[in-house]
Amino acid sequence: MAGERAFEKHLLREGLVNEASLSRVRESTESGDVSLLEALVQGGHVESLPLYTALAKFCEMQFVVPSKMEVPPELVDAVPARFATHYGIVPLQERNGTLVIAVSNPLNQPLLDDIRLALKRRIEPAVSTPDEIERAVKAMYGVGADTVERIISDSEGSGRVFSLDGGLAASDLGDEKIDASIIKFVNELLAEAIKTSATDVHMEPFEDQLRVRYRIDGVLHGVPTPPSIRGFQPAIVSRIKIMANMNIAEKRLPQDGKIRAKVGEDEFDLRVSILPTPYGETVNLRILNRASMFMTLEQLGFQSDDLTQFNDFIRKPHGMVLVTGPTGSGKTTTLYAALSKLNKLEHKIITIEDPIEYQLKGITQMQTMPQIGFDFTAALRSMLRHDPDIMLVGEIRDYETAEMAIRSSLTGHLVFSTLHTNDAAGAITRLIDMGVEPFLIASTMIASIAQRLVRRICDNCAEEYEPEAAAFAELQVDPSLVENPTFRRAVGCEQCRNTGFRGRIAIYEILPFAPIIKHMTVERATSSEVKRRACDMGMRTLRESGWNRVCKGDTTLEEVLRVTAESDMLDVAEAGHASVSV
């Protein structure tokens, strides 16, 4: 207590807080549930970094960033994960027989005494923020490492011995302590994925390891996990199966399921897919945040003229609008935003999806069940008997679905769907390849829209710079033709997990089916010919749309090059559209 009082005076002298703030903080710390440091940060009285930097100065200790330091493996092994997690410490180095550790509250002398007793050695504390310590512990030991250590300890106490070959199966979970620990580990793994805004969790067993990866902003990142987790892979999969209402006894066939989770005020749907492999079952969990799915068209990334054009498309009384792109490019989110705008009392809207991403209030939604013969084609036939005004077909995969969707649009319905093609013009070729007559495509298509997602630069750490000429040459653009561009690059900070990016934004290639495009479709023109003509008429390609975002400082040249094909700009250059207005 005396140390905290002296530190309060230090904060006042440094000008980090005022007396009024300290008075409010003292009231919240009287119960003893939170420390002075926690109350100051949680109450928003002072930022974490300057507060703990001031603490290090007051205690005459070094301020460290453990996640950016190289720690010898032998020191990591010397401090068990459960100790590091329980006490909130990180081993840093050994100096003359003394272990240097990072702590967040060196004012808590009883805690330091407990650490000395637990480790049975001399320690020298250094100061770091709680977030940095948590990040470093996960990087050094792996997510849920303390839980895994506890499982091993409990299993040894019960006389069981587990090997990498056999592992711990669901039938072995006779010990309540081990069962609870497996549940805790899975919960920690999923909670960490949600905390980092991951869209997918991949758990892949190999001969000597269980690899865990998160897909964050479209890019896969390895997740550090303790090596011993490989032995518990069967039990982890069994736990996930139970959560997703799957058959835990079936290990030879693929299975699909769904988990609903709530973290704080946010609700999540987790789509689970399990595949059998020679080394065990591999698991993929797609994390769907209900809040992020319900975005308006204005929030998606449409530029003002593109948004006006798209709104014109969806106001048509009949016809078909296709959104194209690879898996994970945000096609469903765009179509849900369009349906949300059209979801009014005077409109009857029916969807057929595989699977249903989210329940949309006021809209009739169906899910395909191929195992009983209820596919997209069968659903479309049934949908027409319910007199819909607007229909959403989750994906056009074959001739029968394509023909039914097109004939539905011919008979006075507005149809939305998705297609897997590289660009907007490619939708024409794809439909013709399926067997659809070109004159039917020309008669029904309103627009084809290609879409990609690029990572958005983190506003907290971004810095302005001037790209090298080679970068402009690769994108085939002339920066001198753009007035006052703002080029920014990703740096990396705590808020963006040192990636330099936070969130994603869509870029679009919109191909309206004007009379000349319809004529070229009937004449079976190639997709490249259609694309050149559309560019002559003012269509922006994906790379041009991305270039506009680069000039506004929303993303980087490298991001646009990563998600777009080289041909996206070659056709434009040939057509004389290498300059873009921002």
| Hey, any hits in the stretch 362-373 for a residue that's assigned to a helix (DSSP H, G or I) and under 19 Å from MET320 (Cβ atoms)? | no
| note | Among the residues of the stretch 201-258, the number that are open to solvent by 50 Å² or more (accessible area, probe 1.4 Å), touching a residue at least 12 places away in the same chain (Cβ under 8 Å), over 26 Å from ASP77 (Cα atoms) and assigned to a loop (DSSP other than H, G, I, E, B) is 6
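Answer yes if at least one residue in the stretch 160-170 is assigned to a helix (DSSP H, G or I), open to solvent by 20 Å² or more (accessible area, probe 1.4 Å) and either farther than 30 Å from GLY330 by Cα or modelled with pLDDT of 90 or more (or both), and no otherwise. Spell out the reasoning first.
Narrowing the stretch 160-170 to residues assigned to a helix (DSSP H, G or I): 170.
Checking which are open to solvent by 20 Å² or more (accessible area, probe 1.4 Å) leaves us with 170.
Adding the requirement that they be either farther than 30 Å from GLY330 by Cα or modelled with pLDDT of 90 or more (or both) leaves 170.
Taking every residue of the stretch 160-170 in turn, at least one turns out to be assigned to a helix (DSSP H, G or I), open to solvent by 20 Å² or more (accessible area, probe 1.4 Å) and either farther than 30 Å from GLY330 by Cα or modelled with pLDDT of 90 or more (or both).
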| remark: Reported set for the stretch 1-25 where residues are closer than 17 Å to LEU107 by Cα, loosely packed, with under 14 Cβ neighbours inside 10 Å and modelled with pLDDT under 80 is MET1, ALA2, ARG5
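Yes/no per residue for (1) over 30 Å from CYS535 (Cα atoms); (2) modelled with pLDDT of 90 or more; (3) open to solvent by less than 70 Å² (accessible area, probe 1.4 Å); (4) of a type in the set (Val, Ile, Thr):
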site	(1), (2), (3), (4)
ALA462	yes, yes, yes, no
GLU474	no, no, no, no
VAL482	no, no, yes, yes
ALA490	yes, no, yes, no
CYS496	yes, no, yes, no
PHE501	yes, yes, yes, no
LEU511	no, yes, yes, no
| message | Being open to solvent by 10 Å² or more (accessible area, probe 1.4 Å) and either of a type in the set (D, E, K, R) or part of a helix (DSSP H, G or I) (or both) is the filter here; which residues of the stretch 385-404 pass it? | response | ARG385, ASP387, ASP389, GLU395, ARG397, ASP398, TYR399, GLU400, GLU403, MET404
| field | Residues being touching a residue at least 12 places away in the same chain (Cβ under 8 Å) and of a type in the set (S, T, N, Q) - total across the stretch 368-381 | value | 2
| Among all residue pairs at least 6 apart or on different chains, which show Cβ distances below 6 Å where the first residue, located in the stretch 303-328, is under 16 Å from TYR508 (Cβ atoms) and of a type in the set (Ser, Thr, Tyr) and the second is at pLDDT 90 or above and open to solvent by less than 30 Å² (accessible area, probe 1.4 Å)? | THR324/LEU419; THR324/THR421; THR324/ALA427; THR324/ALA450
| request: Pull up the stretch 532-545, narrow it to residues that are farther than 17 Å from THR564 by Cα and part of a loop (DSSP other than H, G, I, E, B), then point me to the one that is most open to solvent (accessible area, probe 1.4 Å). | output: MET537
| query | In the stretch 47-65, is there at least one residue being within 30 Å of VAL148 (Cα to Cα) and under 32 Å from the mean Cα position of the chain (by Cα)? | reply | yes
| Residue match in the stretch 269-284 (condition: at pLDDT below 85 and surrounded by fewer than 19 Cβ atoms within 10 Å (Cβ to Cβ)) | no
| note | (1) under 30 Å from ARG385 (Cα atoms); (2) over 26 Å from the mean Cα position of the chain (by Cα); (3) crowded, with 21+ Cβ neighbours inside 10 Å all hold for PHE416 apart from (2)
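This table checks each residue for (1) outside any loop (DSSP other than H, G, I, E, B); (2) among the aromatic types (Phe, Trp, Tyr); (3) under 30 Å from PHE313 (Cβ atoms).
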{"position": "CYS461", "(1), (2), (3)": "no, no, no"}
{"position": "GLU466", "(1), (2), (3)": "no, no, no"}
{"position": "ALA473", "(1), (2), (3)": "yes, no, no"}
{"position": "CYS493", "(1), (2), (3)": "no, no, no"}
{"position": "ARG502", "(1), (2), (3)": "yes, no, no"}
{"position": "ILE517", "(1), (2), (3)": "yes, no, yes"}
{"position": "ALA525", "(1), (2), (3)": "no, no, yes"}
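Yes/no matrix, rows are residues, columns are (1) under 16 Å from VAL186 (Cβ atoms); (2) more than 20 Å from the chain's Cα centre (by Cα):
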residue: ASP256; (1), (2): no, yes
residue: ARG260; (1), (2): yes, no
residue: VAL263; (1), (2): yes, no
residue: GLU267; (1), (2): no, no
residue: LEU270; (1), (2): yes, no
residue: THR277; (1), (2): no, yes
residue: GLU281; (1), (2): yes, yes
residue: ASN284; (1), (2): yes, no
residue: ARG290; (1), (2): no, no
| task | Return the total of residues in the stretch 70-86 being open to solvent by 50 Å² or more (accessible area, probe 1.4 Å) and free of Cβ contacts under 8 Å to residues at least 60 places away in the same chain. | result | 6
| request: Among what's in the stretch 546-580 and is open to solvent by 10 Å² or more (accessible area, probe 1.4 Å), modelled with pLDDT under 50 and not in a loop (DSSP other than H, G, I, E, B), pick the residue that is farthest from GLU468 (Cα to Cα). | output: ALA575
| query | Residue check: is VAL65 closer than 19 Å to ARG135 by Cα, surrounded by fewer than 18 Cβ atoms within 10 Å (Cβ to Cβ) and among the hydrophobic types (A, V, I, L, M, F, W, C)? | reply | yes
| message | So in the stretch 422-447, with the set limited to residues that are in contact with a Gly (Cβ under 8 Å, 6 or more places away or on another chain) and either part of a helix (DSSP H, G or I) or open to solvent by less than 10 Å² (accessible area, probe 1.4 Å) (or both), which one is farthest from THR333 (Cα to Cα)? | response | THR444
| request: Show the residue pairs that are 6+ apart or on different chains and have beta-carbon atoms under 7 Å apart, the first residue being within the stretch 111-129 and under 27 Å from VAL46 (Cα atoms), the second being outside any strand (DSSP E or B) and of a type in the set (Phe, Trp, Tyr). | output: LEU111/TYR87; VAL127/TYR52; SER128/TYR52; THR129/TYR52
| task | Return the only residue of SER35, SER21 being within 24 Å of VAL137 (Cβ to Cβ), among the small types (Gly, Ala, Ser) and in contact (Cβ under 8 Å) with a residue 24 or more places away in the chain. | result | SER35
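The values are calculated or read from the model by the stated rules, or taken from the named source; none is laboratory data. Model, not experiment: these values are computed from the prediction. Here Cβ is always computed from backbone atoms with ideal geometry, including for glycine, and neighbour counts include all displayed protein chains. All accessible areas refer to the heavy atoms of the entire protein, side chains included, with ligands and DNA or RNA removed. Shrake-Rupley method; radii C 1.70, N 1.55, O 1.52, S 1.80 Å.
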